[in-house]
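Just below is one structure, and these are the notes that go with it.
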Amino acid sequence: MIGLGYVGLPLAVAFAREGCEVIALDLDSRKVAALQRGEPYVEDVSAEDLAEVAERLHPTTRYADLAQADAVLMCLPTPLSANREPDLGPLTESARALSEVLQAGQLVVLESTTYPGTTRERIAPLLEESGLAAGHTFHLAFSPERVDPGRRDFTLRNTPKVLGGLTPTCATRARELYEIVCDEVVVVSSTEAAELTKLLENIFRSVNIALVNELAMLTDRMGIDIWEVVDAAATKPYGFMRFEPGPGMGGHCLPVDPFYLSWRAREFDVATEFIELAGKVNQQMPYHCVAKVQRALNDAGLPVKGARVALLGVSYKPGVSDLRESPALKIMTLLGELGAELSYHDPHVPALGEAGLASRPLDELLSDSDLVLIVTAHPGVDHARVAQRARLVLDLRGVTREVAGANVVRL
């Protein structure tokens with residue numbers, strides 16, 4: 001297993017739980033040391049999970065240890081560059097390092113979300129620097145991760161696993177591997193089909209979230225409650241799927257994946273305008289939310305500069321500590337540039353090192369803030385009580401709809 005983050009670590013634990021000896025590699029020595037101490041650092045893996053598989057999970061920072069493996073799963077980040085283009089640096093560097101220890105007969109599977117063609121055109125040639133031939137003397141496949149951090153109803157075991165092999169034999173080897181930890185494996189015709197499947201899943205969500213976010217900006221001007229409209233539309237038993245507005249998209253996939261496909265599409269002289277527009281709309285939501293903060297403070301007779309603004313929830317989704325692409329971070333940056341005095345409360349994020357802030361007790365925050373901005377609605381937080389006690393509340397998640405009060409403003 002290469003990469004021990006939100007994807008790789010739960011996957012490593014799952015295989016170890018089924019009796020496999022798992023070599024768990026990460027170049028971050030802090031993660032390796034934490035695992036050696038039995039200390040988890042992602043929500044989906046507990047200390048009890050690590051204790052259960054301790055004898056079969058072998059954390060390491062050495063690629064040489066992977067020479068002993070029958071299969072190597074690559075679970076590495078695929079971020080965007082500053083120009084919002086695919087950055088395959090971590091992936092290609094790992095493939096080069098793996099090529100130095102790759103053995104005949106091994107199976108390599110890429111799980112990192114990426115554009116169609118990456119496995120065949122970028123990873124295979126790098127691995128073949130070993131002197132082995134992809135699809136002949138070693139096997140290569142792509143199987144996109146389907147991880148929703150913090151989720152309990154759909155897990156690795158009961159979520160169908162899509163995969164595509166470089167050859168039919170590669171696909172068979174990968175299917176046999178994943179059947180150890182997955183109840184259902186869906187084999188598609190190629191690595192490219194599997195790569196695009198993952199992008200379609202997330203672009204579908206991105207486009208629909210962009211639609212409802214754009215409507216939220218419109219209804220704000222029109223004086224219509226967007227949450228009432230979504231609730232009403234969701235009563236239709238067919239032809240409608242509920243999506244809710246919010247301050248923007250977070251996590252690795254949704255803010256990133258559409259740009260991977262649109263970048264790749266340009267090589268085929270296709271402008272994916274619909275997909276790119278959805279990405280732009282969602283990127284604009286933090287700016288819209290900050291404008292709402294400005295108006296709410298103005299209506300209360302307060303300027304943004306010097307106002308004490310407290311964010312309630314800074315991770316990108318409820319119930320987790322994951323800060324990747326969290327819209328709260330962008331909102332904080334924009335408010336800071338306007339001169340607001342910022343603080344936050346998040347039961348899952350004790351500190352924001354780059355911002356120099358630590359999570360404050362909720363009661364203290366409520367009594368000491370001019371405006372409380374509900375960005376992430378964590379379970380266990382009594383948002384109705386927040387609305388009743390705070391001087392002014394701006395609810396970006398629709399969790400205060402049952403509270404009547406002139407001090408509550410909603411997205």
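The values are calculated or read from the model by the stated rules, or taken from the named source; none is laboratory data. Since we're looking at a predicted model, the values are computed, not measured. Here the Cβ positions follow ideal geometry from the backbone for every residue, glycine too, while neighbour counts run over all protein chains shown. With ligands, DNA and RNA removed, areas are computed over all heavy atoms of the protein, side chains included. Shrake-Rupley method; radii C 1.70, N 1.55, O 1.52, S 1.80 Å.
Within the range 45-98, the set of residues being among the charged types (D, E, K, R) and either assigned to a helix (DSSP H, G or I) or out of contact with any Leu (no Cβ under 8 Å at 6 or more places or on another chain) (or both) comprises GLU48, ASP49, GLU52, GLU55, ARG56, ASP65, ARG84, GLU85, GLU93, ARG96.
Exactly one residue out of PRO168, PRO125, PRO144 is touching a helix residue (DSSP H, G or I) at 6+ places or on another chain (Cβ under 6 Å) and at pLDDT 95 or above: that is PRO144. Kindly check whether there is at least one residue in the range 95-109 that is surrounded by fewer than 22 Cβ atoms within 10 Å (Cβ to Cβ), under 17 Å from VAL162 (Cβ atoms) and in contact (Cβ under 8 Å) with a residue 40 or more places away in the chain. Looking through the range 95-109, at least one residue is surrounded by fewer than 22 Cβ atoms within 10 Å (Cβ to Cβ), under 17 Å from VAL162 (Cβ atoms) and in contact (Cβ under 8 Å) with a residue 40 or more places away in the chain. Looking across the range 178-189, the residues that are open to solvent by 10 Å² or more (accessible area, probe 1.4 Å) and either closer than 17 Å to ALA134 by Cα or out of contact with any helix residue (DSSP H, G or I) (no Cβ under 9 Å at 6 or more places or on another chain) (or both) come down to GLU179, ASP183, GLU184, SER189.
Candidates ARG175, ARG151, ARG122: the one that is at negative phi, open to solvent by 20 Å² or more (accessible area, probe 1.4 Å) and in a loop (DSSP other than H, G, I, E, B) is ARG151.
Can you find even one residue in the range 354-366 that is in a loop (DSSP other than H, G, I, E, B), buried (at least 20 other Cβ atoms within 10 Å of the Cβ) and in contact with a Gly (Cβ under 9 Å, 6 or more places away or on another chain)? Scanning the range 354-366 turns up no residue that is in a loop (DSSP other than H, G, I, E, B), buried (at least 20 other Cβ atoms within 10 Å of the Cβ) and in contact with a Gly (Cβ under 9 Å, 6 or more places away or on another chain). Just so you know, in the range 367-411 the residues that are in contact with a Gly (Cβ under 6 Å, 6 or more places away or on another chain) and of a type in the set (Val, Ile, Thr) include one that is nearest to THR219 (Cα to Cα), and it is VAL375.
One residue stands out among those in the range 324-347 that are within 23 Å of ARG152 (Cβ to Cβ) and free of Cβ contacts under 8 Å to residues at least 40 places away in the same chain: the one that is most open to solvent (accessible area, probe 1.4 Å), which is PRO347.
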